[in-house]
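The values are calculated or read from the model by the stated rules, or taken from the named source; none is laboratory data. Since we're looking at a predicted model, the values are computed, not measured. No Cβ is skipped: glycine too gets one built from the backbone with ideal geometry, and neighbour counts run over all protein chains shown. Heavy atoms of the whole protein, side chains included, go into the accessibility calculation; ligands, DNA and RNA do not. Shrake-Rupley method; radii C 1.70, N 1.55, O 1.52, S 1.80 Å.
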Amino acid sequence: MPILFDEATRTFTLHTRNTTYQMQADRFGYLLHLYFGARAEGTMDYLLTYADRSGCCTSPHEAGTRTYSLDVLPQEFPFQGNGDLRSPVFVMRDGEGTFGCDLRYARHEIRAGKYGLPGLPAVYADAEADGAQTLSVTLADARCGVEVELLYGVLPELDIITRAAIVRNTGAQRVVVEKLQTACLDFVHGDFDVMTFNGQHCMERKLDRHEVRPGSFSVGSRRGQSSHQYNPFMIVCDRDATETAGRGWSMSFVYSGNFKAEVEQTQYQQVRMQMGLSDELFSYPLEPGERLVAPEVIMTYSNAGLERLSHNLHRCIRRHVCRGPWRDAPRPILVNSWEAHYFDFTGDELVRLAAKAADLGLDMLVMDDGWFAERKDDYRSLGDWTVNEEKLGGTLGQLIERINTLGIKFGIWVEPEMVNEDSQLFREHPDWALAVPGKQPALGRDQLVLDFSRAEVRDNVFEQICRVLDQGNIEYLKWDFNRSLVDIYSHATTDQGRVVYDYYLGLYDVLERLVQRYPDLLIEGCAAGGGRFDAGMLHYTPQIWTSDNTDGHDRMTIQYGTSFGYPCSTVGAHVSACPNEVNGRTVSLSARGLIAMAGGGFGYELDLLELPERACELIREQIERYRGMERIVREGLYYRLSDPATADLYAWEFAAEDGSEAVVNVVVARAEGYGEAKYVVPRGLERTARYREVNSGVVYPAAALMDMGLPLPVGSALYMARSYHFVRVDE
Ligand code: GLA
């Protein structure tokens, strides 16, 4: 059984195949964190130390002893109010407006299967097929009239432990939750680095790694989206941890709105890691009987380096966060009209693009922004989801039929959460946009955000989108979101501190209805590229447009960073034209292709009709190659063979879990005239086996390949790209 409870010591033990997580309700009823590390039997309460640490509050008050302090003991759910003065996960005010609570163990329950969360995305796993179990531990404070149910999900085979929490008002007065984070991991000691994935529009999820130092380091979002700037994913690891050695712990937030991820080194060099909702712009009232759910955090541990950590997460997100028929199916190779035509296209032009796509061997055409109402630029019409039949030269249904006749599927772009002031929807319902009365709202891309916390707003937009989807054979939807939330004001409430959270409940409600109504529709998430690339969105959209930056060189960095927390199956990656529209760089078509093929959502985003014949030939080859490797990209283990920030060769690999084959890809990222020979060293092969490289027919011993590697042609030029496909020789 993965979850054990020892009655005598009130110890909870959560076992996975390779890890153990342990906590204990101590004699005062405080839930202390004991251990999260390599699998171990026994009770690890010997790790706790008790001493008179002058300067720390002792609580609870115990006459004659000063050795008990919540300021030092590791905790599961540290709250403000009883002497732990490190960063708390929970802060509330009671009916009198008073801060300070005192949550103690009340009861627990162990259940088969993995818990779900009402209205929020969460990991799903089965009791029988996955051996999943749930632990629920309830902490209570009778004085404040509050209970917090801590939920733990265990996916034993995947080395995954999830956490969530539900706060309930069990009293007779309104209470206000001022801070609610989901997960806390207290380390009693350790010299650690922290890794975060930061960026900006067009350069998302660049890895940053530095020492954990005294004080608090946090990343987060107050933008109303998980954000381009800081991804809701954090790793704490040994200072000398590498891809293949050392310990690492990670937290991934299954949520798409404001968040905070923090690591704090305390006065005694202890370390606290935590993740959850941001407490900025947040103040959530609960009337008697009401509840508030802290969104889920996925946690994993590896003592075999960062690669294992990523593999654990990849398996979990791919198979237990993403859903629907597209989870395990080859995704259509598409051409997207955006970088080919921007707003300027006609139905005939799209049909010509589709014909060329058919000629090159693609599967789908996606009609991006510009097809609705008066939308000829980004100043108007968001909110009015009516087809511009004049522009398309007929109905949407007719256009789709023309494209389908060519053997090409059809997809469409929408941005349902937004409204332009210049739109019929806004003219009719100005109060449906988030805006503070009497104040000019901040515009982003000249648009406002609709108040998705309100059911009537959601219903209107949902029905409009359904009316579009019902007009023809639409097999793909790109769900975009192109600005942050700034003016946090809803006309539907007087408690503005709940609006951003309720907005996300609203968004998830709409997405869930969409997924239920169109189960076969492939939805790709997007937020001005990768501004909402998180495990929350992936529950509804199995792939996400990773960045508006399609330059192959920058994509190496973006996709490298993304790979730490997210599987390749979720990465939308397209080949676009050169010089690149974002940064002017020119990268060889073969490198652009190979880099884009590291995504489960592969495609092209350029005017195919303008390509010279040589490029068309190369694209036909790329498509054939991608079809050959698509499955291993989607389902294989991903190996980061080098770091594009420092390496001359950017190399990455996909290997089948059973070791039967591997694809090793290399792009020259920096080249010197007459430089030395460069080698690529694969991993993840079966060490005692031999592998045939499919293109050359050469057979290699795996042990040597994984030791000294394989030379690239000497003098390989910048952006030369090579792909090696190794198949195990079964003797
Ligand atoms: C965002 C997306 C792009 C494109 C445009 C359309 O920027 O990230 O891919 O869809 O919107 O306006």
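Summing Lys and Arg as +1 and Asp and Glu as -1 over all other residues whose Cβ lies under 9 Å from the Cβ of LEU135 gives a net charge of 0.
A simple count of charges around THR19, restricted to other residues whose Cβ falls under 15 Å of its Cβ and scoring Lys, Arg +1 and Asp, Glu -1, yields +3.
Couplings 3J(HN,Hα) of segment 688-693, computed from phi: 8, 8, 10, 10, 9, 7 Hz, in residue order, whole Hz [Karplus 6.51 cos²θ - 1.76 cosθ + 1.60, θ = phi - 60°; x for Gly and Pro].
Principal axis analysis of the Cα atoms in the chain yields extents of 87, 70, 47 Å, listed in decreasing size. Per residue, the chain exposes 35 Å² of solvent-accessible protein surface, assessed with a 1.4 angstrom probe and all protein chains in place. Rounded to the nearest 10 degrees, the inclination of helix 455-469 to the longest alpha-carbon principal axis of the chain is 30 degrees.
How large a share of the accessible area of the chain, in percent, is made up of carbon and sulfur atoms when the probe is 1.4 Å and the other protein chains stay in place? The C+S portion of the solvent-accessible surface of the chain is 48 percent.
Relative to the dominant Cα principal axis of the chain, helix 396-405 is inclined by about 60°. Other residues whose C-beta falls under 12 angstrom from the C-beta of SER69 contribute a net charge of -1, scoring Lys and Arg +1 and Asp and Glu -1.
Annotation: amide H-H contacts under 5 Å for LYS179 (H modelled 1.01 Å from N, sequence separation of 5 or more, or interchain): VAL91. For the pair segment 320-338 / segment 418-470, the C-alpha centres are spaced 28 Å from each other. Relative to the longest principal axis of the Cα atoms of the chain, helix 347-360 runs at roughly 90 degrees. Of all beta bridges that DSSP places with both ends in the chain, some 80 percent have antiparallel geometry. Model label points for GLN516 and ARG687, set 7 angstrom from Cα along the Cα-to-Cβ axis, are 5.1 nm apart.
Across the cross-link table entries LYS409/LYS478; LYS376/LYS478; LYS114/LYS260; LYS179/LYS260; LYS356/LYS376, which are compared at the Cα atoms, the separations over 22 Å belong to LYS114/LYS260; LYS356/LYS376. Diffusion of segment 649-729 by Stokes-Einstein, at 37 °C in a medium of 0.692 mPa s and with Rh set to the Kirkwood radius over alpha-carbon pairs, works out to 254 µm²/s. In this structure the amide hydrogen of VAL729, modeled in the peptide plane, comes within under 5 Å of the amide hydrogens of ARG690, TYR691, ARG692, none closer than 5 places in sequence on its chain. Here is how the number arises for the chain: DSSP H runs of 4 or more residues each give -39500 (n - 2.57), the sum is divided by the residue count, and the result at 222 nm is -6000 deg cm²/dmol. Annotation: amide H-H contacts under 5 Å for ILE523 (H modelled 1.01 Å from N, sequence separation of 5 or more, or interchain): LEU477.
In order along segment 681-686, the phi-based Karplus estimate (6.51 cos²θ - 1.76 cosθ + 1.60, θ = phi - 60°) of 3J(HN,Hα) comes to 10, x, 10, x, 8, 7 Hz; Gly and Pro are listed as x.
Pairwise Cα separations in segment 3-320 fall into 20 Å bins from 0 onward with the following percentages, short to long: 33, 61, 6, 0. Here the Karplus curve 6.51 cos²θ - 1.76 cosθ + 1.60, taken at θ = phi - 60°, turns the phi angles of segment 491-499 into couplings of 6, 8, 8, 9, 9, 5, x, 9, 5 Hz, with x standing for Gly and Pro.
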